[in-house]
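Each value in this text was obtained by applying a stated rule to the coordinates, not by laboratory testing. Not measured: the values here are computed from a predicted model. Cβ sites come from the backbone with ideal geometry, for glycine too, and all protein chains shown count toward neighbours.
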Amino acid sequence: MRKVFGPVLILAIIGSLAFVQRTVLVDIWDRLFALPRISLLPLLVAAIVMIIARGAFLAACSPGVTLRQAVMTDQSALAAGYGIVLGGGLVGTGMRIHMFTRWGIAHISIASSIIATAVVPSFSTWGLPVVLLTIPVIRGTATSPQALAVLVGVPIIAFSLVFWWMALRSAKLFLLVGRFSARLRTFLLRKISLRFIRIRAMVERTQPIAFSAEMRVGLIELLRKRWTIIFAASVGTLAAGFACLWTSAAVFEVQGLSLWEALVAFSLVRVVIALSPIPGGTGLAELGLIALLEKAGVSTLDATGATLLYRSLTWFAPIVVGSLMWWRYSRNEQGFSN
C-alpha cells in the first residue's frame with residue numbers, strides 16, 4: 001500500500017491542477033504555440049547551463065572525476081531520484097557509487113563526495129532565503145511564509161556550520177558514526193542468513209571505525225584543498241537554477257514580475273522542494289511557485305505558464321537526459337565487458 005501512495009499522491013495533485021486550471025492550460029498551450037521557435041532557444045541554453053553547473057559542483061566535490069563524468073553521473077542519479085517515487089534517492093546514490101567505482105575513484109573519495117554534496121546544497125538552499133529575507137523579517141515587512149523560512153533556515157545553517165566545524169576540528173562525530181556502523185554491522189550479520197555467503201563476506205570485510213576515521217581525513221583534505229571551488233560551484237548551481245526561472249518568465253512574457261520578487265519566489269520554492277517528501281517536490285513545487293508568483297502580482301496565466309516551463313527545465317529535462325546518459329553508460333559498460 002505504501003508503494004502506491006507516492007504515485008497516487010502525485011497523480012492526484014497533477015490531476016487536480018489540470019482540472020482546476022484546464023482553461024488556463026489551454027491558453028498556455030496557445031501562447032506557447034504562437035511563440036517563434038527561435039524564442040525557445042534561451043530555454044535550451046538555460047537547461048544546458050543548469051546541467052553543466054550541477055556537474056561542475058559534483059566534480060568539485062569529487063577529486064579525480066572529470067566534468068564529463070560528473071555530468072553523466074549527476075544526471076543519471078537525478079533521473080532515478082525524480083523518476084522513482086519511493087527509494088529513488090537511494091537508487092541514485094547507488095548508481096553514483098557504481099559509476100565512480102568503475103572509473104577507479106577511491107572509496108574514501110566517494111564517501112567524502114557523498115557527504116559534501118549532501119550537506120552543502122542544504123546549506124545553500126536555506127542560506128538563500130535567509131540572506132534575502134533577514135532584513136524584511138527584522139523590519140516586520142516579510143510575509144508569514146518568508147518569516148517561517150528564515151526562522152527554520154537559521155538553525156539548519158547553524159547545524160551545517162557545526163557539522164563542518166566538528167568534521168574539521170573534532171574526531172568525535174566520526175567516531176560516533178563508526179560505532180553506530182559497527183553496531184549496524186553486528187546487527188546485519190545476525191540477520192543475514194548463512195546461505196548468503198557472498199553478502200556475509202562483504203559485511204564481514206567492512207571495518208566501520210577505521211573507515212570512519214579515514215573518511216574524516218578524506219573530508220578534511222577535500223575541504224582544505226577545494227572549499228573555494230566547492231563554494232563557487234554551489235553558488236553557480238543556485239545562479240543556474242534562478243536563470244532557468246527568469247528565462248522561463250522572459251520567454252513566456254510574464255508581466256509584473258520584478259527581479260527581487262523572482263528571487264524570493266525562487267528561494268522559497270527551493271525550500272518547498274527540500275521539505276517535500278516527494279522526490280523533486282513534484283506537484284507541491286508547482287503549486288507553491290504558482291501561488292508565490294500570484295502573490296507577487298503575476299496573473300494566473302503567466303504564473304502557471306512560467307512555472308510549467310521552469311519545472312520542465314529543472315524536473316522533466318533531467319529525467320529524460322539522465323535516462324539517456326544512463327542508457328549510454330550501460331551500453332558502453334556492456335561493450336567493455338564483452
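Below, the figures for the structure above:
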read-out: Segment 110-157 shape via C-alpha gyration tensor axes, a/c threshold 1.5; value: prolate
read-out: Amide H contacts of ILE84 (H built 1.01 Å from N, under 5 Å, at least 5 apart or other chain); value: none
read-out: Sequence-separation-based contact order of segment 27-163, relative, with Cα cut under 8 Å and 6+ spacing, percent; value: 16
read-out: For SER330, SER276, SER113, order by how many other beta-carbon atoms lie within 10 Å, fewest first; value: SER330, SER276, SER113
read-out: Coil-residue GluC sites (Glu not before Pro) of segment 242-286, DSSP, other Cβ within 10 Å capped at 16; value: GLU253
read-out: Under 5 Å, built H, 5+ apart or other chain: amide partners of SER299; value: GLN255
read-out: Residue order, fewest to most surrounding Cβ atoms within 10 angstrom, among CYS244, CYS61; value: CYS244, CYS61
read-out: For segment 297-329 and segment 125-167, distance of Cα centres in Å; value: 27
read-out: Exposure proxy ranking, count of Cβ atoms within 10 Å, fewest first, for PHE252, PHE231; value: PHE231, PHE252
read-out: Net dipole in debye of segment 240-338 [+1 Lys, Arg Cβ; -1 Asp, Glu Cβ; about Cα centre; nearest 20]; value: 320
